[in-house]
Amino acid sequence: MTAPSTTTSTDDAKQPADLAFGVDVGGSGIKGGIVDLDTGDLVGERFKVLTPQPATPDAVADGVAEVVAHFDWTGPVGITLPGVVTEGVMRTAANIDKAWIGTDVYDLFSRHLDGRTVSVLNDADAAGMAEDAYGAGKGVDGVVMLLTFGTGIGSAILNNGNLVPNTELGHLQVGKKEAEHQASSRVREEKGWTYEKWTEKVSEVLATYEALFWPKLFIAGGGISRKADKWIPLLTNKTPVVPATLLNTAGIVGAAMAVSQGLKT
Ligand code: BGC
């Protein structure tokens, strides 16, 4: 697909400032697309390549460049990564190749993307920004927490739309174990747990988050949020829990928002 022309004459044509490009790097796929920042919708389809194995920085950056090239997009690019990014450096790699730890991600991606401007941020933070602005958190004042249940548990905290980056609550110890080692979607699959059994663990984890952060709303994201009706009603928390609504585009949309805002974490 080709990026929309910037010189079209129709009244409702999107101007370049309304569009941004996001790429979401996950354990199995690298997905990207052009985002309409007025609506939070993708312009056209998203495009995905498989995450290379091993998912080393240069191999992943090649995949990101392939996704960007697919759209003939030549502007700035927002990119998510499944780890902590501070001062332009990836600090952790719980569920991705350990070679990421200490990588200067701005240098990496600008080398693979012809020196263009990039913004790089945590994957759950990006999804949280997108859900808060356009999805399940839209119009909700105060503290909103998004959690992604996947291979790990990602977290994002927003207060009136302002992100506190890199909260990493999946690694908070709840009882004897880290939250993501007992309540991620991967743990449910590996143990063959029913939704009833798994939601007991999720309720415990959310109860700990409630006691520490007192959010107004939890948004449940990650692939398992597509089955929300099977498990969200089983949770026993006092804070309302709603499923994410952007589903597999939230990371892309949040990455696009980040680069359009010049966000650096
Ligand atoms: C990582 C987080 C990430 C989450 C979801 C966790 O293991 O530490 O940075 O957001 O997984 O990918």
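The values are calculated or read from the model by the stated rules, or taken from the named source; none is laboratory data. It should be emphasised that the depicted structure is a prediction, and the values quoted were computed from it without experimental measurement. For neighbour counting, all protein chains shown are included, and Cβ atoms are generated from backbone atoms with ideal geometry for every residue, glycine included. Heads up: the accessible areas ignore ligands, DNA and RNA and are worked out on the full protein's heavy atoms, side chains in. Shrake-Rupley method; radii C 1.70, N 1.55, O 1.52, S 1.80 Å.
Observations on the structure shown:
- Tally of residues being open to solvent by 60 Å² or more (accessible area, probe 1.4 Å), farther than 18 Å from P165 by Cα and without any contact (Cβ under 8 Å) to a residue 40 or more places away in the chain across segment 91-114: 3
- Filter pass, S184 being open to solvent by less than 70 Å² (accessible area, probe 1.4 Å) and at pLDDT 95 or above: yes
- Verdict on E45 being in contact (Cβ under 8 Å) with a residue 12 or more places away in the chain and over 16 Å from T249 (Cβ atoms): no
- Test for A55: is it aliphatic (A, V, I, L, M), in a loop (DSSP other than H, G, I, E, B), modelled with pLDDT of 95 or more and over 24 Å from A136 (Cα atoms): yes
- Matching residues, segment 225-236, being open to solvent by 30 Å² or more (accessible area, probe 1.4 Å) and more than 16 Å from A136 (Cα to Cα): K230, P233, L234, T236
- Single unsatisfied condition, L81 versus (1) within 11 Å of the chain's Cα centre (by Cα); (2) within 18 Å of G63 (Cα to Cα); (3) open to solvent by 10 Å² or more (accessible area, probe 1.4 Å): (3)
- Segment 20-37: number of residues that are outside any strand (DSSP E or B) and either in contact with a Cys (Cβ under 8 Å, 6 or more places away or on another chain) or in contact (Cβ under 8 Å) with a residue 24 or more places away in the chain (or both): 3
- Filtered by the rule that a residue be among the hydroxyl-bearing types (S, T, Y) and under 18 Å from D123 (Cβ atoms), segment 155-208 gives S155, T167, S184, S185.
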